[in-house]
1. Which FRET efficiency, nearest 0.05, do B:Glu113 and A:Arg218 yield, Cβ-Cβ r, R0 60 Å?
2. Cα atoms only: what Rg and Dmax, in Å, come out for the stretch A:97-149?
3. When the accessible area of the stretch A:100-149 is computed with all protein chains present and a 1.4 Å probe, what percentage of it is carbon and sulfur?
4. Loop-only trypsin sites (Lys or Arg not before Pro) in the stretch A:131-224, please: DSSP not H, G, I, E or B, and at most 11 other Cβ atoms within 10 Å.
5. If R0 is 51 Å, what FRET efficiency do you get for B:Ser290 and A:Tyr145 from their C-beta distance, rounded to 0.05?
6. Can you tell me what share of the DSSP beta bridges in the stretch B:13-252 is antiparallel? A percent to the nearest 5 is fine.
7. Under 10 Å, Cα contacts only: if you run a Gaussian network model on chain A, which one of A:Phe280, A:Phe109, A:Phe301 comes out with the highest mean-square fluctuation?
8. So for the protein assembly as shown, what are the equivalent ellipsoid semi-axes in whole Å, largest first, each being the square root of 5 times an eigenvalue of the Cα gyration tensor?
Amino acid sequence: MKNTTHMGLGRRVFAMLPVRLQPVHLTIFMIIVLGTVLALANSTFLSAYNINTILSFGAILMIVALGQMFVILIGGIDLSVGGVISFVSVLFVLLVGEVGYFAFPICLFAGVMFGLINGLILTIVKIPSFIATLGTGGIITSLAYLVSPRSISASPSDYGYFELIDGKILGMSNSFYIGVATFLTLGAFLRFSITGRNIYYIGSNIRMSWMSGTDIVRNRCIAFMISGGCAAIVGIIISSIRYGGDPVVGTPYVLNSIAAVVVGGTALTGGSGGIVNVLFGALFLSLLDNGLNVVGVDQYFQQALLGAMIVFGVAVTFDRSKTPIIK
Amino acid sequence: MTVQTTFGAQPVLKMIGIGKRFPGVSALRNIDFEVRPNEILGLLGENGAGKSVMTKIMIGIHQPDDGEIQLNGQATKLLGPVDAIKKGIGGVFQEGSLLPNLSVMENLFLCHERDFMQRGVISRRAMVQEARRLMATMKLDIDVTEPVSQFAPAAKQMIEIARVLWLAEQYGAQNPIVILDEPTTVLNDGERDTLFEILQELKQRMSIIFISHRLQEVLENCDRLHVLKDGDNVTQIPAAGMQVADIERLLVGSEFSGDRFRETDQHTPDGDVVFKVEDLGLRGAFEPLSFELRAGEIVSLVGLIGSGKEELCACIAGTKSHDTGTVWVDGVTPAKGSPQAAVRAGIGHVPVERREEGLALNMSVMDNMNHLVLDRLKTAGAIHRRKEIEHAHEWVAECLVKTPTIHAACSGLSGGNQQKIILSKWLSSNVKVLILDHPTRGIDIGAKDEVYRLIRKFSKAGIAMIIMCDTLEEDTGLANKMVVMSERKVVDVLDAAPEHKPTPTDLIKLIV
């Protein structure tokens, strides 16, 4: 017997469908529909150049969203990714001039450390991640401004480091390949490691995990560290593409990364979803963003569409049976 | 079994042929129940007998699957707590439903402040007056503007009863019914006497359904008794002339089917001591105590709620931190207050709240079963899919879990199958001592027998177990040894070898 009264419309519709469809199937369906419409509306949409744009920008979004997904899987949320991206983007430009290749590991380390701080605030100080990362996100954004109050350009003598990432292989931007590598690494981690499995257990039922001897503090911190690390990678990529850093460049990624996770069908309540969902979620948003620009939809109106996508995604994935009263 | 009925006044509430089923278990079967005007009715039954489901039907939280409810001779439906109170039925429950930071009068009139509207504003004076009047009828001399958190449990209960009465009065219900669920457990002797004094007076204008495990006070204060067992009616009888022993016999039931708990499979432990608690104590919960377990030994902790056995198990499992003493498992003393340390040392815990504490509900049968053994399912450092599947198949077969596939989510399975999954998760790990907290609660008879089979089998294999069961029969039937707790102390340790099991009546004397 299945109790459907608290499920909400979206899930009820899915429960009624004859085949066991999941929210991610809807995302794939929407990608196909949107892709077809855009291809018919504008002939340049399917050009090699445009496809590379969609995929490489999709890859950047996907990397942040993959990190975000780890935090969402354990039942949290990371609002500090924007701050980390901004901070790293300016830090990277400055460091490259000073220490050369060491800038890569230092920036990555900084992102992971910010993640660790978020994780410790959640687990040790016991402040919900929504508040904790809202706070640290603000602090890190300030740090970015302190490092450089306005956008900075790299000196041409350092361009070599940036071209390392800005370059292309076989016609595809390197950011696309970095995305593929991140996807495969994190996918393998989630699928084959005990920590990866524990992240699901914790998200699904944290009390059960705790009582079964799972190290809650360690695993939750790892999720945040992955999110911080992913944000740092994106910060480096963005700097490399722009040949410069900007202390506000990360801001839109907070909303966009959450949207990519949610639209892909990962529940905000944690414990379900996965990297494939995020892949399609990010691809869909990148397609939407690109398509709206190609077709010429007003920039201001695009934000509204993105917001609507989040509400829609949550409506479809959120399991209301656990929480009859929504706060 | 026949139900005696004595004809008297027309009943206020009559429930005929009530049945209630939950997924995988039938909680009530064909219950006939009635409440007459101006009486105190004692509702008796062991844990799991169906008392709480009955009360939940009476206040409209559950709808019965079969049967009819009549109020004052009219067939009716109780659609929810608000509907029930409008029809004159309300409950006062153990947890208490008062808001501690609000004043007495705010609690009394919560959500009914409109009744005190005068010229468009709520008149505080009218509220104070009405609250004082209500408190006077309850013989309670308290300042109604003080927050509720100030007052003793007895006063809080009075306030809750007063609220139910007032609401019934507001809705014009004749002879309201108030359900009191174990009201005396939080009271001292003096408060208890006052409560009964007031109840005797209140019954002049209402009926009271009184639920308690303290049989003596039930006998002394109730007019009539209704006994439930395993979701069936046992009897309803006048309280006058009954003795505690008579009631015990009714509660426990006389039929002892020979091998219900697989006593013939009971294994007498002769191995080494694998588990010890020494001077383990937690202030306010249980006094320092010691006991030890051999490999494969089953010890049952018996005692009422508040006897300290629940906290004792929580301390052993690491979900609570003890003040004194140590836990020792086969040479290791796990750090206190850490489930992680306890699990590492080999202590397992099958919790009573299986959905909330035992399972990752949205995850698959396989994921739940393999939780503790992922280390063993690796090849070259990575979790190996084929090994995972093999392990899950092996344990689905071992525990006879009925599931469409090992990839099905646990949320859709019946309670019995969920419990088997939790058991297989622990039994397949390297657990040395397993705490089984009400392992058969809410599961049907077939699944219960399966759980008993597993307990016997793995006790023989050397896993020591600490059990707390729903009924004394089950405790007695399963255990090698029984530790009896009362008032936070161990009062006796009884041997429970198959040939000379203690009788439930002996145990009840020790417990109460």
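1. Values: r = 50 Å, r/R0 = 0.83.
Calculated value: 0.75.
2. Cα only, the stretch A:97-149: 13.3, 39 Å (Rg, Dmax).
3. On the way: 2260 of 2660 Å².
On the stretch A:100-149, the fraction of accessible area on carbon and sulfur atoms equals 85 percent.
4. On the way: sites: A:Arg150, A:Lys168, A:Arg191, A:Arg197, A:Arg207, A:Arg218, A:Arg220; in loops: A:Arg150.
Counting only loop positions with at most 11 other Cβ atoms within 10 Å, the trypsin sites (Lys or Arg not before Pro) in the stretch A:131-224 are A:Arg150.
5. Values: r = 63 Å, r/R0 = 1.23.
That pair, B:Ser290 with A:Tyr145, gives E of 0.25.
6. Working: 24 of 41 bridges.
Percent antiparallel among DSSP bridges in the stretch B:13-252 is about 60.
7. Among A:Phe280, A:Phe109, A:Phe301, the largest GNM mean-square fluctuation belongs to A:Phe301.
8. Numbers: eigenvalues 653, 238, 132 Å².
Working through the eigenvalues yields semi-axes of 57, 35, 26 Å.
The values are calculated or read from the model by the stated rules, or taken from the named source; none is laboratory data. Just so you know, these numbers come straight off a predicted model, no measurement behind them. Using ideal geometry, Cβ is built from the backbone for each residue, glycine included, and neighbour counts are taken over all protein chains shown. Side chains are part of the model used for accessible areas, which takes the heavy atoms of the whole protein and leaves out ligands, DNA and RNA. Shrake-Rupley method; radii C 1.70, N 1.55, O 1.52, S 1.80 Å.
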